[in-house]
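Heads up, the thing below is written out as structure tokens.
The values are calculated or read from the model by the stated rules, or taken from the named source; none is laboratory data. Just so it is clear, the model here is predicted, and its values are computed rather than measured. With ideal geometry, Cβ positions are generated from the backbone for all residues, glycine too; neighbour counts draw on all protein chains shown.
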Protein chains: 2
Amino acid sequence: MTRSSNLEAEPLFISACYCKPTSRTPVWIMRQAGRYLPEYRKIRSQVDFLTLTKTPDLAAEVTLQPIRRFDLDAAILFSDIMTPVEGMGVGMEFNPGPIVSEPIRTASQIDALRVPDADENVPFVAETIKIIRQELPSTIPLIGFAGAPFTLFTYLVEGQGSKTFSQARSFLFSEPELSLRILEKLTDVMIQYLRTQAQAGAQALMIFDSWAGLLSVEDYRAFAYPSVCRIIKSLGHLDIPLIYFPNQGASLLGTVKDCGADVVGIDWRTSLSAAREVLGSEVAVQGNLDPMALFSSKKDLGSKIDNVLKQGGSGPGHIFNLGHGIDRMTDPDRVAFLVERVRERSQAYML
Amino acid sequence: MTRSSNLEAEPLFISACYCKPTSRTPVWIMRQAGRYLPEYRKIRSQVDFLTLTKTPDLAAEVTLQPIRRFDLDAAILFSDIMTPVEGMGVGMEFNPGPIVSEPIRTASQIDALRVPDADENVPFVAETIKIIRQELPSTIPLIGFAGAPFTLFTYLVEGQGSKTFSQARSFLFSEPELSLRILEKLTDVMIQYLRTQAQAGAQALMIFDSWAGLLSVEDYRAFAYPSVCRIIKSLGHLDIPLIYFPNQGASLLGTVKDCGADVVGIDWRTSLSAAREVLGSEVAVQGNLDPMALFSSKKDLGSKIDNVLKQGGSGPGHIFNLGHGIDRMTDPDRVAFLVERVRERSQAYML
């Protein structure tokens with residue numbers, strides 16, 4: 001019996017990251033600690049977002065909230081991809097997304113960007129991770145994370161979230177050398193930041209490339225991919241699973257398959273079977289239910305979950321997740337339904 | 001000689017739509033009539049957007065502006081995808097994108113949506129087309145267009161443009177039957193609207209599915225694709241090229257190839273060679289330079305144009321275009337450079 005119970009001494013989530021056979025498909029949810037939970041909103045009614053990310057007791061509490069409520073197979077640090085960027089000397093606020101006080105668009109601004117030591121930059125993150133690890137059961141690993149350099153670049157240059165990121169994209173093309181200098185510095189900072197998280201106790205690391213899908217394949221290869229590869233290579237010695245999520249990256253997977261990540265996150269536009277075809281059997285996939293499917297009737301939601309399990313189950317190495325962060329209007333009961341469904345049904349779909 | 005000059009009695013653009021060999025690659029630019037042109041901004045300083053779309057002399061003038069300035073191979077009607085929707089009884093304004101006064105989210109609102117006769121709904125559109133056709137040289141065809149029903153649906157339900165269209169997407173899943181009723185009515189209106197444009201003199205028709213990329217393949221097949229197929233089938237007897245643009249549709253092309261369109265528009269995320277592999281040799285491709293490439297140095301822009309020509313030239317049936325509408329900050333000189341480059345270089349890349 002290949003799916004023997006002794007394999008389970010390693011947490012299910014970790015085994016799946018390494019494409020080992022598991023007794024069922026592990027499940028966690030992007031942005032599982034967040035506004036759809038009343039217990040999260042209660043804390044947020046007392047502190048602002050930035051304070052929450054920087055206060056270890058509160059950030060740990062918020063990280064643990066969804067673990068107490070649902071049978072999830074992984075926790076993810078509550079933080080923001082912009083958190084380590086502030087220490088580079090970039091002023092910002094959140095309303096609700098990040099707003100950079102002075103968008104980075106000149107050589108002198110780039111020169112002034114600092115590459116701070118992570119311990120000094122974000123001491124509260126290591127502290128938060130230590131608290132979480134004390135509270136989490138040993139079967140539930142903690143995922144640390146960072147933004148991918150290109151995604152952080154889009155916010156730094158654009159100054160805020162945007163439908164099109166026209167400023168960031170026109171800067172990329174009009175100033176390719178300056179752009180690469182920003183990307184280099186961001187890469188240096190993220191390597192340190194992720195390493196610090198692992199040293200503090202994170203048992204897997206995820207790189208969110210939320211805006212990778214803004215780029216053509218050629219420009220992705222020129223501007224976004226090299227920094228992701230450098231991060232992954234620099235963290236290889238940590239010997240923990242590394243997850244890369246190139247959001248809306250349908251056309252990028254042929255490139256992404258060689259980045260060295262153990263797991264590739266797939267948004268809901270690409271079917272897991274199509275992703276597996278491109279990525280091959282050595283890379284695990286994570287995803288990819290459309291978050292909005294949680295607004296369907298339970299009957300429809302059930303079919304949609306089964307469909308993801310079916311496509312993901314075509315080999316070992318599937319971690320069930322949404323294809324993007326959960327929407328803040330989601331009913332927590334639907335999340336409970338989802339987690340239970342994956343736990344009950346996944347084995348039937350495994351090859 | 002297969003590329004004989006007598007083929008050119010038919011406008012280059014039309015031949016390319018039908019995958020016939022042409023002496024060079026035709027070129028036009030999405031949103032070529034628009035804010036990046038000083039002559040357009042001059043007119044807009046005198047009238048608001050809605051008035052401009054509804055005043056035949058002015059809409060015709062704006063349509064012709066880029067034709068006078070650049071050696072383009074096609075003109076496209078100046079209008080907005082929401083123009084025919086207003087006559088369904090939907091109040092809206094533009095600021096600058098469409099804002100629907102009362103988003104459609106109830107059965108009674110859907111029942112109240114009218115399916116007006118196109119002549120009565122948008123008489124100014126046929127009038128505009130007639131004026132343009134009188135002015136345009138016979139070598140330059142006029143493209144009419146409409147929004148795809150799913151894309152119009154997202155605006156009607158969301159109420160305005162959005163990064164995520166959460167309201168529209170959650171409505172789609174929570175109310176699939178009501179959603180299909182909205183889509184049916186929109187399809188009926190668009191069929192009439194496009195037919196009216198052809199009867200008035202439009203020599204090709206394009207369907208813009210700007211938000212097709214919000215959907216997984218399964219949901220695209222359930223909600224967006226059937227209406228596109230019905231439109232194309234209903235217009236087949238017109239015997240003019242039909243172009244379908246599923247924006248950000250990398251994962252949808254395997255479905256799209258059977259929709260019956262003569263030409264499929266490809267955004268810049270998917271390479272034309274990858275698109276051709278999925279679409280086969282019977283369907284022409286249109287695209288797909290990243291609009292932001294126009295902010296590159298001329299040297300870099302030249303290489304990027306050549307790369308699109310190379311990938312598009314792997315068979316007959318390529319219409320050069322951007323992969324999305326031109327950005328309003330674009331320098332018109334870069335557009336002149338682009339058009340000249342395509343005219344000069346394209347033959348070298350044709351198989």
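Out of A:251, A:210, A:234, A:216, which single residue is in contact (Cβ under 8 Å) with a residue 40 or more places away in the chain and surrounded by 21 or more Cβ atoms within 10 Å (Cβ to Cβ)?
The match here is A:210.
Check the stretch A:125-135 and report whether any residue there is touching a Ser or Thr at 6+ places or on another chain (Cβ under 6 Å), crowded, with 17+ Cβ neighbours inside 10 Å and under 20 Å from residue A:40 (Cα atoms).
Within the stretch A:125-135, one or more residues are touching a Ser or Thr at 6+ places or on another chain (Cβ under 6 Å), crowded, with 17+ Cβ neighbours inside 10 Å and under 20 Å from residue A:40 (Cα atoms).
Within the bounds of the stretch A:104-113, is there any residue that is touching a helix residue (DSSP H, G or I) at 6+ places or on another chain (Cβ under 8 Å), surrounded by 15 or more Cβ atoms within 10 Å (Cβ to Cβ), assigned to a loop (DSSP other than H, G, I, E, B) and not basic (Lys, Arg)?
yes
Among the numbered criteria (1) more than 13 Å from the chain's Cα centre (by Cα); (2) of a type in the set (A, V, I, L, M, F, W, C); (3) within 14 Å of chain B (Cβ to nearest Cβ), which one does residue A:232 miss?
Exception for residue A:232: condition (3).
Read through the list (1) at pLDDT 95 or above; (2) within 30 Å of residue B:211 (Cα to Cα); (3) buried (at least 18 other Cβ atoms within 10 Å of the Cβ), then give the number of the only condition that residue A:165 fails.
Among (1) at pLDDT 95 or above; (2) within 30 Å of residue B:211 (Cα to Cα); (3) buried (at least 18 other Cβ atoms within 10 Å of the Cβ), residue A:165 violates only (1).
Are any residues in the stretch B:306-350 hydroxyl-bearing (Ser, Thr, Tyr) and part of a helix (DSSP H, G or I), and if so, which ones? I'd like the intermediate steps shown before the answer.
Keep residues of the stretch B:306-350 that are hydroxyl-bearing (Ser, Thr, Tyr), which gives B:314, B:330, B:346, B:349.
Passing the criteria: B:346, B:349.
Any chance you could count how many residues in the stretch A:45-71 are under 23 Å from residue A:146 (Cβ atoms) and either in contact with a helix residue (DSSP H, G or I) (Cβ under 6 Å, 6 or more places away or on another chain) or assigned to a helix (DSSP H, G or I) (or both)?
Number satisfying all stated conditions: 18.
Scan the stretch A:241-282 for residues that are within 11 Å of chain B (Cβ to nearest Cβ) and assigned to a loop (DSSP other than H, G, I, E, B) and jot them down.
A:248, A:249, A:266, A:267, A:268, A:269, A:270, A:271
So, of the residues in the stretch A:292-314 that are touching a strand residue (DSSP E or B) at 6+ places or on another chain (Cβ under 9 Å) and touching a residue at least 60 places away in the same chain (Cβ under 8 Å), which turns out to be surrounded by the fewest Cβ atoms within 10 Å (Cβ to Cβ)?
A:309
Go through the stretch B:71-100 and give me each residue that's out of contact with any strand residue (DSSP E or B) (no Cβ under 6 Å at 6 or more places or on another chain) and surrounded by fewer than 18 Cβ atoms within 10 Å (Cβ to Cβ).
Within the stretch B:71-100, B:71, B:87, B:89, B:91, B:94, B:95, B:96, B:97 qualify.
Could you please find all residues in the stretch A:103-134 being more than 21 Å from the chain's Cα centre (by Cα), of a type in the set (Val, Ile, Thr) and over 22 Å from residue A:169 (Cβ atoms)?
Passing the criteria: only A:115.
Any chance you could count how many residues in the stretch B:158-195 are of a type in the set (D, E, K, R) and over 28 Å from residue A:247 (Cα atoms)?
The total comes to 6.
Answer yes or no as to whether residue A:313 is more than 16 Å from residue A:36 (Cα to Cα), touching a Phe, Trp or Tyr at 6+ places or on another chain (Cβ under 8 Å) and modelled with pLDDT under 95.
On the way: more than 16 Å from residue A:36 (Cα to Cα): yes; touching a Phe, Trp or Tyr at 6+ places or on another chain (Cβ under 8 Å): yes; modelled with pLDDT under 95: yes.
Spelling it out, residue A:313 is indeed more than 16 Å from residue A:36 (Cα to Cα), touching a Phe, Trp or Tyr at 6+ places or on another chain (Cβ under 8 Å) and modelled with pLDDT under 95.
With more than 29 Å from residue B:57 (Cβ to Cβ) and of a type in the set (Ser, Thr, Tyr) as the only criterion, which of B:128, B:139, B:83, B:164 stands out?
Numbers: B:128 fails: more than 29 Å from residue B:57 (Cβ to Cβ); B:139 fails: more than 29 Å from residue B:57 (Cβ to Cβ); B:83 fails: more than 29 Å from residue B:57 (Cβ to Cβ).
Among B:128, B:139, B:83, B:164, only B:164 is more than 29 Å from residue B:57 (Cβ to Cβ) and of a type in the set (Ser, Thr, Tyr).
For the stretch A:226-240, give me each residue that is assigned to a helix (DSSP H, G or I) and farther than 20 Å from residue A:287 by Cβ.
A:226, A:227, A:229, A:230, A:231, A:233, A:234, A:235, A:236, A:237, A:238, listed by residue number.
Could you check the stretch B:164-221 and list, in sequence order, the residues that are under 21 Å from the mean Cα position of the chain (by Cα), among the basic types (Lys, Arg) and within 14 Å of chain A (Cβ to nearest Cβ)?
B:221
Of the residues A:272, A:338, only one is in contact (Cβ under 8 Å) with a residue 24 or more places away in the chain, crowded, with 22+ Cβ neighbours inside 10 Å, out of contact with any strand residue (DSSP E or B) (no Cβ under 7 Å at 6 or more places or on another chain) and aliphatic (A, V, I, L, M); which?
Unique residue meeting the criteria: A:338.
Would you say residue A:187 is modelled with pLDDT of 95 or more, in contact with a strand residue (DSSP E or B) (Cβ under 6 Å, 6 or more places away or on another chain), polar (S, T, N, Q) and not in a loop (DSSP other than H, G, I, E, B)?
Numbers: modelled with pLDDT of 95 or more: yes; in contact with a strand residue (DSSP E or B) (Cβ under 6 Å, 6 or more places away or on another chain): no; polar (S, T, N, Q): yes; not in a loop (DSSP other than H, G, I, E, B): yes.
It is false that residue A:187 is modelled with pLDDT of 95 or more, in contact with a strand residue (DSSP E or B) (Cβ under 6 Å, 6 or more places away or on another chain), polar (S, T, N, Q) and not in a loop (DSSP other than H, G, I, E, B).
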